[in-house]
Each structure stands twice: as C-alpha cells, then as structure tokens.
Amino acid sequence: MGVLVNFKICDNASECGGIESCPTGALFWDEENKKIGIDNSKCTNCGICENFCPTGAIRVARTEEEHSKIMKEIEEDTRKISDLFIERYGAMPIEPDFLIKEKEVENEIKVQTKPLLVEFFREDDVECLRKSVPINDLIPGEDVVFRKVEVENEDVISEKYGVSKFPCLLLFADGKVSGKIEGYFGADNFEELRNGLKGLLG
Ligand code: SF4
C-alpha cells in the first residue's frame with residue numbers, strides 16, 4: 001500500500017528523518033518542487049520511516065483498509081502548519097504567526113494576558129530547541145501564546161533576560177520572566193523538554 005505524509009503537520013525539510021532512514025528511496029527530497037516526494041512503487045511497507053518522524057506526519061499503510069483509515073484521519077486532522085512548535089531551518093520559512101522582532105518582545109510581554117512562551121534563536125542555530133512538533137502535542141491543553149524571535153543582539157538579550165545559552169525558551173508571566181529552558185532539545189531528549197515545559201507552566 002505504501003507511505004502517506006500528513007502535510008498539515010510536516011515541516012517539509014530536506015533533512016527529514018523519514019527520507020534519511022528510508023532504505024529504498026520511496027521517500028525522497030524533491031529538489032524541483034522543494035518538498036518531500038513519495039514514490040510508492042519503491043515502498044516495501046517496512047515502517048522504518050514512521051519511527052523517524054517527530055510529528056507523526058509519516059504513516060505507513062499495509063492494507064487497503066489501513067490506507068483508507070489513514071487518509072480519513074489526515075483529512076479530518078484540524079491541526080495546521082502554524083501549530084508547529086519549531087520549523088527546521090532550510091525548509092519552509094519560519095511561520096509568520098509566531099515570528100516577532102526583537103524590539104517587539106517588550107510590547108508582547110505587556111499586551112499578552114496569557115502566559116507567553118518566547119523562543120530566542122540565532123540565525124546560525126541550525127538546530128533549534130526542538131525539531132517540529134505541533135505545540136498542542138507538546139503541551140496539550142496549555143493555554144499559552146508562543147512566539148519566536150531571531151536574536152540580533154545576543155549580548156542585549158542575554159543581559160536583559162538572563163540568558164546564558166541560545167536557543168532559549170523564556171516563559172513570561174505578569175510582565176516578567178518566570179522560567180527558562182536553555183539549549184537544544186532533539187528527538188532523543190524530547191521528554192526532557194516536555195517535562196521542563198510542564199514544570200514551567202505547572
Ligand atoms: S515504509 Fe520503508 S520503504 Fe516505505 S517509505 Fe517508509 S522506510 Fe521507505
């Protein structure tokens with residue numbers, strides 16, 4: 001039957017773990033269209049790729065029934081690209097819904113009535129705090145506002161908010177920093193990030 005990709009929660013990165021792990025080339029990077037390509041004539045339904053997708057966007061159907069079920073699930077999935085917590089650089093542009101300028105941070109802190117989670121990252125941070133996972137999957141049920149800021153003045157941000165390492169997630173509540181998580185988190189320490197976030201928001 002073959003592989004399906006739920007592009008509603010896929011960051012379409014050329015360094016996709018599914019592409020890298022696929023032994024047959026059924027999943028590949030389509031350079032012309034700048035997106036993940038699928039060639040199901042090469043898919044052996046081994047399922048390896050599913051394990052390398054942090055968002056669960058890659059699904060493998062082994063029967064007609066499974067294929068229809070997965071297609072229906074994808075169709076009915078209400079999540080969207082703008083829910084992705086982190087976009088991998090080099091893939092699609094960072095989602096404008098989340099991205100604000102360094103100079104806008106203070107205003108954002110003032111106007112937000114909900115807890116505000118801000119990720120500060122540098123242009124040369126190839127890897128950010130977390131490769132894409134929909135934020136609602138990372139911290140389900142938490143009513144927070146998430147913003148990303150590309151840091152232009154590292155020293156200023158470090159001094160102002162007490163940041164010692166980028167990328168960094170800062171939680172602002174009642175106008176001030178109420179918690180932070182520093183450094184990169186990937187697939188191998190995903191739970192650590194999830195627990196850290198729960199602790200911050202707890
Ligand atoms: S199921 Fe196996 S062969 Fe098919 S796309 Fe995934 S890794 Fe490649």
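Table: residues versus (1) hydrophobic (A, V, I, L, M, F, W, C); (2) crowded, with 19+ Cβ neighbours inside 10 Å.
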| site | (1), (2) |
| --- | --- |
| Gly25 | no, no |
| Gly37 | no, no |
| Ser41 | no, no |
| Arg59 | no, yes |
| Phe85 | yes, yes |
| Asp97 | no, no |
| Glu102 | no, no |
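Taken across segment 54-61, residues that are of a type in the set (A, V, I, L, M) and within 9 Å of the ligand (Cβ to nearest atom) do occur, with at least one present. The residue list Thr78, Thr63 contains one member that is loosely packed, with under 13 Cβ neighbours inside 10 Å and under 24 Å from Val144 (Cα atoms), which is Thr78. State whether one or more residues within segment 32-44 are of a type in the set (A, V, I, L, M, F, W, C), within 12 Å of the ligand (Cβ to nearest atom) and at pLDDT below 95. Yes, some residue in segment 32-44 is of a type in the set (A, V, I, L, M, F, W, C), within 12 Å of the ligand (Cβ to nearest atom) and at pLDDT below 95. Considering only residues that are outside any loop (DSSP other than H, G, I, E, B) and not β-branched (Val, Ile, Thr), which ones fall in segment 15-44? Within segment 15-44, Gly17, Gly18, Glu20, Ser21, Leu27, Phe28, Trp29, Asp30, Lys35, Gly37 qualify. In the condition set (1) more than 13 Å from the ligand (Cβ to nearest atom); (2) part of a helix (DSSP H, G or I); (3) surrounded by 17 or more Cβ atoms within 10 Å (Cβ to Cβ), Asn12 is compliant with all but (2).
The values are calculated or read from the model by the stated rules, or taken from the named source; none is laboratory data. Not measured: the values here are computed from a predicted model. Note that each Cβ is placed from the backbone with ideal geometry, even for glycine, and that neighbours are counted across all protein chains shown.
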